[in-house]
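Before any comments, here is the structure.
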Amino acid sequence: MIGFEEASRLLRENVAALPAEPVTIEEAAGRFLAKDLLARFDAPRSNVSAMDGYAVRAGTLENGVPFKVLGQARPGMPFGGEVGVREAVRIFTGAAVPKGADCVVMQEYARAEGDTVSFEEGHGPTRHIRKAGSDFCEGDVLLARGTRLTPRAMVAAAAADRASIEVSIQPRVAIIATGDELVSPGEAHATANAIPESASHGVAALCEAMGGTVVLRLTGRDELGLLTDLASEALATADLVVVTGGASVGDHDLARPMFEALGLELVFAKVAIKPGKPVWLGKVGDKPVLGLPGNPTSAMVTARLFLQPLLAAMQGGEAAANLQFLPMPCAAALPEAGGRETFIRAIATPEGLTPAQNQESGAQAPLAQSDWLIRRPAGSPATARGETVSALAF
Ligand SMILES: Nc1nc2c(c(=O)[nH]1)N[C@H]1C(S)=C(S)[C@@H](COP(=O)(O)OP(=O)(O)OC[C@H]3O[C@@H](n4cnc5c(N)ncnc54)[C@H](O)[C@@H]3O)O[C@H]1N2
Ligand code: MOO
């Protein structure tokens, strides 16, 4: 059995990015950049006002003296002339500061009268000017290759004046749930001993949230011939295949065997983590096949630890960037950790992370509340309430 770090490393080494494609900026949200995104020009493009008010020469400011208002400067409509002594230009937020002026007095400190304006005592010392290039400069890398275009990053991409953006193509994902007992949600109550197939719904949602496109959803009974047919269909349709269940050692655990006839090469199988020990990764040709344990909590924990970085890596993102463990206070005392590295499902509260009551790997209800995983290396000593733990957003 290998450790979590080793498994993560093997994943990074074995998963390549898909090719790039250009998309319009309107289509780019959520995608991963295939190239560095460079600014076309400086921002602001010139010195601009940060306030509505009057542009003047700071050195000539006098209180209560009328200044001649020469004209207006609005965003996109600069004032063409020059500001001299006892002269001002009416200016609005975002407008270019006219030649000669080096200061903006907020309109709250100004009294306009006809074509003059006078300033009151108390206008602040600040100049209220945003310098050209103070946000970014032409040629700056605003977003590096591999960056995901989050809502915030979209602003930077558009500000760079880019209409077309090179992004990695979205992985097409096929998901196969295995197990004789599984039926579609909504049908289980009518069939004795059946249970709703739940795990793949979480897996599919995670795939979509990570920029993948789920193109195929299959559920198969534990019968090798049938499952091999499903595996073959999945490999023909998708860039990535995810299988849930059948990962363990039982007679009916066929998730790996179903790909063997199709040329599966294992990258790793069994990782010393709890939950999720039976997780495995393989490849058929270039296509990754990820096997998640059937227990729903184990499936979602391993989806977070392996599928999320895998989807990022397939889109040219940093797999490791999706495994950022942060120091967080823990609101409960924790017992000594066992022989496997443990990922405790926890809920963020004002007091710190609170472990979910039910830590069973087959649990489903606590998944809805648990938004963090507390990471405890094998053999970690017991910790007291309030101590800092290492945690990953779940
Ligand atoms: N003798 C051993 N038994 C088990 C071992 C072991 O090392 N030796 N490992 C255990 C661990 S750890 C896990 S985790 C489970 C997972 O094994 P499988 O991936 O083979 O899961 P299944 O047997 O197919 O199912 C386990 C459990 O989960 C339910 N299930 C499965 N798929 C779904 C689904 N899509 N939606 C909802 N629920 C699902 C299934 O009904 C079972 O109850 O193995 C241990 N056993
Ligand atoms: O690791 Mo299994 O995932 O304990 O239930």
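Counting only protein heavy atoms and a 1.4 Å probe, tell me what percentage of the range 326-393's accessible area is made up of carbon and sulfur. Mind showing how you got there, number by number?
Numbers: 1950 of 3460 Å².
Carbon-and-sulfur percentage of accessible area, whole number: 56.
Principal axis extents for the chain, Cα atoms only, whole Å, descending order, please.
Between the extreme Cα coordinates on each principal axis of the chain lie 93, 50, 43 Å.
Specify the inter-centroid distance of the range 249-311 and the range 373-394, based on alpha-carbon positions, in whole Å.
One Cα centre to the other: 25 Å.
Mind checking the full-extension length gain between N358 and K287? Use 0.36 nm per residue of separation minus the Cα-Cα distance, one decimal, nm.
Values: separation 71, 0.36 × 71 = 25.56 nm, distance 3.59 nm.
That works out to 22.0 nm of additional length.
With a point put 7 Å past each Cα toward its Cβ, work out how far A58 is from E138 in nm, to one decimal.
Between A58 and E138, the label points sit 2.7 nm apart.
Given the peptides 302-309, 220-227, 276-283, 203-210, arrange them by the average over their residues of other C-beta atoms within 10 Å, most packed first. Could you put the intermediate results ahead of the total?
Details: 302-309: 24.5, 220-227: 16.2, 276-283: 22.1, 203-210: 18.9.
Highest mean packing first, the order is 302-309, 276-283, 203-210, 220-227.
Using Cα centres only, tell me the gap between the range 30-69 and the range 92-150 in whole Å.
3 Å
Skip the ligands, DNA and RNA, and give the accessible area per residue of the range 95-199 with a 1.4 Å probe, whole Å². Intermediate results must be reported in sequence, preceding the final value.
Numbers: 5780 Å² over 105 residues.
Here the residues of the range 95-199 average 55 Å² of exposed surface.
What does DSSP give for the chain in terms of the percent of beta bridges that are antiparallel, rounded to the nearest 5? Intermediate values should be presented prior to the final figure.
Values: 54 of 82 bridges.
Restricted to the chain, the bridges split so that about 65 percent are antiparallel.
Distance in nm between label sites at S248 and A384, each 7 Å beyond Cα in the beta-carbon direction?
3.9 nm
Can you tell me what the convex hull of the Cα atoms of the range 48-130 projects to on average, as an area in nm²? Provide the component values of the computation, followed by the final result.
Values: hull surface 17.6 nm².
Hull-based average projected area comes out at 4.4 nm².
Add +1 for every Lys or Arg and -1 for every Asp or Glu among the other residues with Cβ under 11 Å from the Cβ of A43, and state the total. Please report the intermediate quantities before stating the final value.
Details: positive: R40, R45, R130, K131; negative: D42, D135, E138, D140, D161.
Every neighbour counted, the sum reads -1.
Once every DSSP H run of n ≥ 4 in the chain is given -39500 (n - 2.57) and the sum is divided by its residues, what mean residue ellipticity at 222 nm do you get, rounded to the nearest 500 deg cm²/dmol? Intermediate results must be reported in sequence, preceding the final value.
Details: 7 runs with 63 residues, N = 394.
Calculated at 222 nm, the ellipticity per residue is -4500 deg cm²/dmol.
Name all residues of the range 191-206 having a backbone nitrogen under 15 Å from the label point set 7 Å from the Cα of A368 along its Cα→Cβ direction, giving them as ranges.
198-199, 202
The values are calculated or read from the model by the stated rules, or taken from the named source; none is laboratory data. Just so you know, these numbers come straight off a predicted model, no measurement behind them. Note that we place each Cβ from the backbone using ideal geometry, even for glycine, and neighbour counts take in every protein chain shown. Accessible surface is based on the protein model in full, side chains and every heavy atom, while ligands, DNA and RNA are left aside. Shrake-Rupley method; radii C 1.70, N 1.55, O 1.52, S 1.80 Å.
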